[in-house]
Amino acid sequence: GENVEQHPSTLSVQEGDSAVIKCTYSDSASNYFPWYKQELGKRPQLIIDIRSNVGEKKDQRIAVTLNKTAKHFSLHITETQPEDSAVYFCAAVLMDSSYKLIFGSGTRLLVRP
Amino acid sequence: SAVISQKPSRDICQRGTSLTIQCQVDSQVTMMFWYRQQPGQSLTLIATANQGSEATYESGFVIDKFPISRPNLTFSTLTVSNMSPEDSSIYLCSVEANSGNTIYFGEGSWLTVV
């Protein structure tokens, strides 16, 4: 079955700097890779996703890259702000088949003002 | 995106009791799931709620402990049976939104077992 590894477990950056979180997956058939942001006491919120037919996707300060050959994908946050502080989870799934999300272990991001 | 409502949002439960969590979606969806998030941990899939048939459970989860119902395409329930403090978690309903082929989560149900 699918296994997703996520690094780092914690990340502290200065406001305005960039943050990068990396994930690797094991099942080469996975074709959908969402990223969720979870603030304290709240549900995970989808912030960006990428499908296996593209290598990069960007939405304002957030971007995700996918390397299918190496089976890894990354979240990039530029110009970080204190409100970016949260736990971020990557996930992988085989859509159109199981739709079962397999999550990484999470990254606690702290943006220092 | 789908609007997903869960009830209760929070509860404190006595050891040995059972609690049923409801998940209501504002549109018909094919795929509904239940996840558990233990304190400080990631999310783990409990089961896929199948409409009109028994749920499909993941390894480590059994129907006797987590019975699930899915009477129609907009509603599902998860029961946490015979609770112990180890069941203290956030339980999250999730759906695959037909329109966007994207997966969304409900607000979650925060359960504390004392």
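The values are calculated or read from the model by the stated rules, or taken from the named source; none is laboratory data. Keep in mind it's a predicted model, so treat the numbers as computed, not measured. We place every Cβ from the backbone using ideal geometry, glycine too, and count neighbours over all the protein chains shown.
Summary table below
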| read-out | value |
| --- | --- |
| All positions within the stretch B:1-27 that are within 18 Å of B:Ala55 (Cβ to Cβ) and not in a strand (DSSP E or B) | B:Ser18 |
| Checklist (1) touching a residue at least 24 places away in the same chain (Cβ under 8 Å); (2) crowded, with 16+ Cβ neighbours inside 10 Å; (3) more than 8 Å from chain A (Cβ to nearest Cβ); (4) over 26 Å from B:Gln14 (Cα atoms) applied to B:Gln28, failing item | (2) |
| Whichever residue in the stretch B:84-110 is at pLDDT 95 or above and over 17 Å from B:Ser9 (Cα atoms) and, among such residues, is surrounded by the fewest Cβ atoms within 10 Å (Cβ to Cβ) | B:Glu86 |
| Scope the stretch B:37-61; condition charged (D, E, K, R) and modelled with pLDDT of 95 or more; matching residues | none |
| Among the residues listed as A:Val13, A:Val64, the single one being farther than 29 Å from B:Thr30 by Cα and in a strand (DSSP E or B) | A:Val13 |
| Qualifying positions in the stretch A:81-95 - facing chain B (nearest Cβ under 8 Å) and modelled with pLDDT under 90 | A:Val93, A:Met95 |
| Output for the stretch A:96-109, where each listed residue is in a strand (DSSP E or B), more than 8 Å from chain B (Cβ to nearest Cβ) and not charged (D, E, K, R) | A:Thr107, A:Leu109 |
| Among the candidates A:Lys42, A:Lys68, residue that is at pLDDT below 95 and within 14 Å of chain B (Cβ to nearest Cβ) | A:Lys42 |
| Within the stretch B:71-84, considering residues that are farther than 20 Å from B:Leu43 by Cβ and out of contact with any Asp or Glu (no Cβ under 9 Å at 6 or more places or on another chain), the one farthest from the other protein chains (Cβ to nearest Cβ) | B:Ser84 |
| Failed condition for B:Asp64, given (1) modelled with pLDDT of 95 or more; (2) surrounded by 13 or more Cβ atoms within 10 Å (Cβ to Cβ) | (2) |
| Failed item in (1) under 17 Å from A:Arg43 (Cα atoms); (2) not in a strand (DSSP E or B), with B:Ile103 passing the rest | (2) |
| Enumeration of residues in the stretch B:38-95 that are hydroxyl-bearing (Ser, Thr, Tyr), touching a residue at least 40 places away in the same chain (Cβ under 8 Å) and closer than 19 Å to B:Gly108 by Cβ | B:Thr74, B:Ser76, B:Thr77, B:Thr79, B:Ser88, B:Ser89, B:Tyr91, B:Ser94 |
| Some residue of the stretch B:70-80 being surrounded by fewer than 21 Cβ atoms within 10 Å (Cβ to Cβ) and either within 30 Å of A:Leu109 (Cβ to Cβ) or touching a Leu at 6+ places or on another chain (Cβ under 8 Å) (or both) | yes |
| Qualifying residue in the stretch B:71-86 (condition: assigned to a strand (DSSP E or B) and in contact with a Gly (Cβ under 9 Å, 6 or more places away or on another chain)) | yes |
| Test: A:Leu110 is under 14 Å from A:Val13 (Cβ atoms) and surrounded by fewer than 19 Cβ atoms within 10 Å (Cβ to Cβ) | yes |
| Checklist (1) loosely packed, with under 13 Cβ neighbours inside 10 Å; (2) at pLDDT 95 or above applied to A:Tyr36, failing item | (1) |
